[in-house]
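In what follows, a single structure is set out as C-alpha cells and then discussed.
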C-alpha cells in the first residue's frame, strides 16, 4: 500500500515523520513505508547540510533580509526533498536497513523491535521558556566578577545557536557596558543582534578566526589594533552600495563591549545621544542621526529587536545586576 499524499508532502517535518511511523505500525506493507521514512530522514540530513553551507558565508548580501532568508530556507527544504526522492546521497539505504527494512533479499526485521520515538526527538529539540530564564539566571550568577575574567571565559569559546543563547551568554557583558554608559542592556544587545544576526555573522578575519566585533565598528586612523577587511553594504544618498572596508578586531567579546563604550564616549558626534541614555529609543535614534550607521532604517530595526519577544524574556531583576 502506498504512503498517502499528505504524508509524502511533509518532507522535512516531524509531524510527517510521526504519521509515517503510525503508518509503519498499521500498514502491512512495512517495507515500503519504512523506505519512505528513510527518505524523509535523508532529506533532513541534506537540509542540515545545506543550512550549514548557507551559514558559512563571510557576510550578508546586498539584498539579504529576514524574509529572503525564510524563502531561501523553504527552497533548501524543497531541494533536500527532491534530492532524496531522486537517489540522494546514499543515506536512504543505510537508514532503511537500520529501521529494519529489506534490502538485497535480507529479511525484514520486526519494526516493533526497531521502532524509534519521534516524541523523544521533539523533546530534545525544544527548550521551554522556563528553561531559557533559568539559563539566563545561571549565566548571570556565574559571570566573572571582573572584565579580565570575562575575557578569559569568552576567548574563542562562545557559540550562538539561537537568539536566546546569544542573549544569555552576552548579557553579563552587556550589563557592565550599560552601567558605564547609563543605558539599558537591551539597547546594546539589540544593536549587537542587528549587526551580527544574533551572533551568526560576526565578521571573520582572513585566517577564518572570528574578529569578536559585535558592533561592526570600523578601523579608522585612530585604531592601532588588528584589522579585518571584508565586503560591506553602505547607503549613499539612499542607494545601497557594496564596498570593501576595514573593521576592528578584538581578542574577546568583552574587548568588543569595552571598545564600544569607549568609542561612543570619546566621539564628539555621539555626545547628544549620550544625553538621552534614560530613553533607549531616543538614544538609538540620536546614534543613527550622528552617523553610526548609513542604513536609513537602522534605528527602526534596532527598536524592533529591542521590543521583540527574545529580549522581553529577560527577567526584570537580571537587567540591572
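The values are calculated or read from the model by the stated rules, or taken from the named source; none is laboratory data. These numbers come from a predicted model, not from an experiment. As a convention, Cβ positions derive from the backbone with ideal geometry for all residues, glycine included, and neighbour counts pool all protein chains shown.
Tabulated values for the structure
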| read-out | value |
| --- | --- |
| Residue in the stretch 196-218 that is under 21 Å from residue 65 (Cα atoms), free of Cβ contacts under 8 Å to residues at least 12 places away in the same chain and touching a strand residue (DSSP E or B) at 6+ places or on another chain (Cβ under 8 Å) present | no |
| Exclusive hit being farther than 16 Å from residue 192 by Cβ, in the same structural domain as residue 173 (by TED's automatic domain parsing) and in contact with a strand residue (DSSP E or B) (Cβ under 9 Å, 6 or more places away or on another chain), set 251, 243, 281, 285 | 243 |
| Helices (runs of 4 or more DSSP H) fully within the stretch 206-321 counting 1 or more residues that are crowded, with 16+ Cβ neighbours inside 10 Å and modelled with pLDDT of 95 or more | 253-266, 271-274, 280-289, 298-306 |
